[in-house]
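The values are calculated or read from the model by the stated rules, or taken from the named source; none is laboratory data. In this text, all values refer to a predicted model and were calculated from it rather than measured experimentally. Cβ placement follows ideal geometry from the backbone for every residue including glycine, while neighbour counts extend to all protein chains displayed. These accessible areas exclude ligands, DNA and RNA; they are computed on the full protein's heavy atoms, side chains included. Shrake-Rupley method; radii C 1.70, N 1.55, O 1.52, S 1.80 Å.
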Amino acid sequence: MLAGQPFNIFSLLKAFLAGIIVMAFHSCSVVPRNYPANTPFVYDYKINVEGNLKSEEKENLETALAKQLDDSIAVRTTRKLFYRFTFNRPVLDQPPVYKSDNADKSLTYMRALMASLGYFYDSSTYTTDTVFVEPDQYRTTVNFTVKPGKLTTLDSIHHRINHPDLQRLADSTMKESLLKKGHPFAKGVITAEGDRLVELYRNNGYMRFGRDDMMGLWDTLDVSLLQPSLDPFAQLELLQKLKARRDTPTANIEIRLRPGIDSVRLTKYHVGHVNIFPDYGPDTLNVNPDTATIGKGLHVIQFHNSFKARIFKGNIYLRNGEVYSQRRSQRTINRLNSLGAWRLVNIQPSPRPGQDTVDFRIVMTPADKYLFSANLEATQNQSSIAGSLFGLGINVGVQNRNFAKAANQASSNLRFGVELGESSLLQTRQVSFAHKIYFPRPFPRFNWIRERDRDNIRTAFSFNAANTERKDLFNLTSINGSLGYEFQRTTPRTTKTTLISVRPINIEYSLLKRRAGLDDLIANNPSLKNIFTDGFISSVIAGATYTGGTEKQPHIIASNFEYSPFIAGLINSKFLDDQLYRFIKVNAEYTRLFRFNKSSFAVRAFGGMGYALNSTVNEEKRNNLPFFKQYFAGGPNSMRAWALRKLGPGSSKKNFDENPERYGDIQIEFNAEYRFLLAIIAGARVESALFTDVGNVWFMKKEASDDPREIFKLSRLGEDLAVGIGTGVRVDFNFFIIRLDFGYKAKDPTPTQANEDLKNKWFGYSIRKGTQFQLGINYPFKL
């Protein structure tokens, strides 16, 4: 340290963080460790696909070829957080000795893959480069070059099934066939077409039909090309055909029944009796069962009468007299498993000898009826009342998997949490109780909804009660009850999921008791009395979440809507006129993740708006949303360079003594985050991130504030938006992530009164004044 220069911990911290960022992105060479000395060893491999292919096709093909390499060639490095005085260094531990036999095997595997994809005329070779590095390293890189050649495509496709009904089924579904003229002649698609036909036949009664009962015949050469001719003109024509086949190779395919198939496998079965054993277990061996008939051929056989027999009629899709369908059998298993009351569900078919009828036994082993849980947690901020509740978060819960003997799910949770503050150790204390009951069907039945869609709907009833004490500000007691529906559907063979929730009945009541600190704030800032109010809400709430994209680029689109004059005008009551909130609130969110080999990039956009309706009778409730419905910024999952509820609204001029808690009726926020792997320690992934957050909150009505800069105005958006940047460290334990983020105020539209000269000044803060540490659980966004 230079003489005369004072020691500054924040300057040292700034330099340290800058060094981490530089070293995280510094390209370090791979360090071999425990390598065979004075012997060529596999240091790296490279795969180069040549040919007239699109860049995305080449990339996908190179990735697939890399998976075919022999283990001794496909060496992989790991990153060490600190290795030999370097940071985030890639290390190659115990690299194998290079052997040409292993490279040859890799080449064989790669050629097999190319053939399975329809590249029958590929050219695959490899070379090696060996570099000597003192004192005893012979680093060998294996270079594979693959020239795919011309892709063989399908020319003619025929299904010649020597069975009239099977042929009819195949012909009627030709539009669904996976074999298309001009598509690649690939092993995978041919296998998939066979699986499609097997599933088709099993869904139409042929329960015993299997994949081995079919065969595929194909040729890749026109027979006429092999027939010699003495005519010179005919010979020229044959030569021209051969050249054309080399330029555009094609194949013809025909699917048939395998010769000598057992006639039993071609029997079309119908459903006979269905016997249900819902409480089968080791303790039922010497117990006399009770049998209840709940439909034609449908019997419930119980040993302990643990379930109401009538609940099974609507959940069993194998029906007496109907043609057997594998789809309905699997749907029955999926439906019973989704109810959660059983840990094992098994359907056992029993064909009647010499008949076309099959009986079924549905044997179910119940799960434990009650599940108890207790945990100590650090939770994320989910509401403007409770905040982050970091510190002590204690949950005690019990779940009943068979409520009312109808496979309904009921859960009760008791929770205690505290939020750590800046001026005092305990800023918020909250005690809450929540009780939820899920009925695995819509109530009422809604017969106009298709049966398969009704399976995806459940009715939800919830009751919540909470008491929140904010030190020196208020005590809030809230009660909430709701009744609604949840619909979830997953697209088969994809990760696309749609979740829709509708709560037509949502009733809330909040009782606010002001403390002396809040009274003083309202005295100095009268507009706060329009925010900190209590009252009654009767609303309709609807939400939708769509998860889609690909494995490498998933995305989530979510939206919510709440409308709260639900009973306005229906009941004449002075109490309701004084207590009832009337408002509309809507918000939408889009999150997308881009995954790379050892890193990822996440982006998020959020927008929300709430409007207090002018029809609200109580004037104190007419200008703002109630504070427990308002938006707020800051904290570990929002604008991370600001503390919780310390940003906004707009370009507010008010100091934090007058208005310490910042809320808004509008929120706009954009986030971007680059995540990269630092190391894997004891099985846990240690990651870092570089991020930026842009956003703010505003009031909507000009009557809400005497400061026009707190009101949203599009022409002032650039001035009002706050910008934060930062870095962080995350430790991923698979089941949860601990996250420490370090945010810096790059542009602050609402500084404290002492820093007013830094308002909207880019990078005006020192590290000491402009930073905020955030401790969070899991990633800050949904992805």
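Observations on the structure shown:
- Matching residues, region 289-343, being more than 22 Å from VAL358 (Cβ to Cβ) and of a type in the set (A, V, I, L, M): ALA292, ALA309, ILE311, LEU339, ALA341
- Evaluation of PHE439 against (1) out of contact with any helix residue (DSSP H, G or I) (no Cβ under 8 Å at 6 or more places or on another chain); (2) open to solvent by less than 30 Å² (accessible area, probe 1.4 Å); (3) not acidic (Asp, Glu) (one fails), failing number: (2)
- With respect to (1) out of contact with any helix residue (DSSP H, G or I) (no Cβ under 6 Å at 6 or more places or on another chain); (2) open to solvent by 30 Å² or more (accessible area, probe 1.4 Å), the lone exception for LYS529 is condition (1).
- Test: residue in region 95-109 that is open to solvent by less than 70 Å² (accessible area, probe 1.4 Å), in a strand (DSSP E or B) and either within 17 Å of TYR43 (Cβ to Cβ) or modelled with pLDDT under 90 (or both): yes
- When residues in region 740-768 are screened for being outside any loop (DSSP other than H, G, I, E, B), over 37 Å from the mean Cα position of the chain (by Cα) and not polar (S, T, N, Q), 5 of them pass.
- Scanning region 661-685 for residues that are within 30 Å of VAL91 (Cβ to Cβ) and within 21 Å of the chain's Cα centre (by Cα) yields GLU673, TYR674, ARG675, PHE676, LEU677, ALA684, ARG685.
- All positions within region 599-621 that are in contact (Cβ under 8 Å) with a residue 24 or more places away in the chain, open to solvent by 60 Å² or more (accessible area, probe 1.4 Å) and under 21 Å from GLY664 (Cβ atoms): MET609, TYR611, GLU620
- In this structure, VAL358 does not satisfy being at pLDDT 95 or above, surrounded by fewer than 17 Cβ atoms within 10 Å (Cβ to Cβ) and either among the hydrophobic types (A, V, I, L, M, F, W, C) or out of contact with any strand residue (DSSP E or B) (no Cβ under 9 Å at 6 or more places or on another chain) (or both).
- In region 153-177, the residues that are within 29 Å of LEU117 (Cβ to Cβ) reach residues that are assigned to a loop (DSSP other than H, G, I, E, B) and hydroxyl-bearing (Ser, Thr, Tyr) with C-beta atoms within less than 9 angstrom, at least six apart or across chains, in these pairs: THR153/THR248; ILE157/SER177; HIS159/SER177; ALA170/SER177.
- Close pairs (7 angstrom Cβ cut-off, 6 or more residues apart or separate chains): acidic (Asp, Glu) in region 735-764, assigned to a strand (DSSP E or B) and open to solvent by less than 70 Å² (accessible area, probe 1.4 Å) anywhere: ASP741/GLY726; ASP741/GLY728; ASP741/GLN774; ASP741/GLY776; ASP748/ALA722
- Filter result for GLY726 (crowded, with 21+ Cβ neighbours inside 10 Å, farther than 30 Å from ASN624 by Cβ and either hydroxyl-bearing (Ser, Thr, Tyr) or in contact with an Asp or Glu (Cβ under 8 Å, 6 or more places away or on another chain) (or both)): yes
- Single residue of region 45-66 satisfying the filter (β-branched (Val, Ile, Thr) and in contact (Cβ under 8 Å) with a residue 24 or more places away in the chain) that is most open to solvent (accessible area, probe 1.4 Å): ILE47
- Residue within region 112-132 that is without any contact (Cβ under 8 Å) to a residue 60 or more places away in the chain, part of a loop (DSSP other than H, G, I, E, B) and buried (at least 16 other Cβ atoms within 10 Å of the Cβ) present: yes
- Qualifying strands (runs of 3 or more DSSP E) (wholly inside region 254-317; at least 2 residues being open to solvent by less than 80 Å² (accessible area, probe 1.4 Å) and in contact with a Ser or Thr (Cβ under 8 Å, 6 or more places away or on another chain)): 270-277, 298-302
- Counting only strands (runs of 3 or more DSSP E) that sit wholly inside region 451-520, those with at least 3 residues that are modelled with pLDDT of 90 or more, among the hydrophobic types (A, V, I, L, M, F, W, C) and open to solvent by 60 Å² or more (accessible area, probe 1.4 Å) are 497-514.
- Every condition in (1) in a strand (DSSP E or B); (2) under 30 Å from PHE627 (Cβ atoms); (3) modelled with pLDDT of 90 or more is met by LEU717 except one, and the failing one is (1).
- Per-region count, region 733-750, residues open to solvent by 10 Å² or more (accessible area, probe 1.4 Å) and touching a Gly at 6+ places or on another chain (Cβ under 9 Å): 9
- Scanning region 651-660 finds one or more residues that are farther than 22 Å from GLY724 by Cβ and touching a helix residue (DSSP H, G or I) at 6+ places or on another chain (Cβ under 9 Å).
- Yes/no for ALA74 being over 17 Å from VAL131 (Cα atoms) and at pLDDT below 70: no
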